[in-house]
Amino acid sequence: MLRIYALIFVIAIIGGIGYGAKYYYDTTQATIATLRENNVKLETAVQTAEASVETLKGDMAKLGELNNQLQVSLQKAEAYGHELRRKLSDLDLVVEALKNSKSLEGKMNGATAKLWREFMGDTGGNGDRALPEWLLPVPSGTGDKSSNEGGEGSNTSGGETKTTPAK
C-alpha cells in the first residue's frame with residue numbers, strides 16, 4: 001500500500017510540475033503577444049514622430065526663408081520711409097500751397113489715390129475699386145470753392161472747426 005501512496009504522490013508531483021510548466025508557457029505566450037502588439041504600436045508612433053520632425057524641419061526652413069524675405073521688405077520700407085521724410089523735410093508746403101494751391105491739391109489727391117489703391121491691393125481687395133468720395137477729382141470750373149462739396153469746413157480763419165466722420 002505504501003507503494004501505491006508513493007506512486008500517487010510521485011504522479012501528483014509530476015502532474016503539478018506539468019501543470020506549472022503549462023501555466024508558465026501560456027502566460028509567457030500571452031505576454032509575448034502583448035509585447036508584440038505594443039512593439040507594433042511603438043514602431044508606428046516612432047514613424048509618425050519621425051515624419052512630424054521632418055515636416056517641422058521643412059516648415060522651419062520655409063519660415064526662415066519667409067522671415068528673410070520679410071526682413072528685406074522691412075528694410076526697403078524703412079528706406080522708403082526715410083526717403084519720404086527727407087523729401088518732406090526738403091519741401092516747403094506752405095510756400096507751395098500759397099503759390100499754386102490747385103496744383104498741390106491735385107498732386108496730393110493723386111498720391112493719396114495711388115496709396116489707397118495700393119492699400120486695397122495689399123489687403124486682398126482689387127486695386128480697381130472705386131475711390132472714396134473724398135478722393136475723387138474736383139470738377140473743373142469750381143473757381144475758389146472748397147473741394148469739400150458740402151461746403152462745410154471751407155472756413156480757414158482758425159475759428160470753429162467742423163469734422164465729418166470717416167467713411
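Quick note: the coordinates plus some simple rules give every number you see, no bench work behind them. No experiment lies behind these values; they were computed from the predicted model shown.
For the stretch 1-132, how many pairs of lysine residues have a Cα-Cα distance under 25 Å, where the two are 8 or more positions apart or belong to different chains?
The number of close lysine pairs in the stretch 1-132 is 12.
Could you tell me the center-to-center distance, by alpha carbons, between the stretch 25-52 and the stretch 66-113 in angstrom?
67 Å
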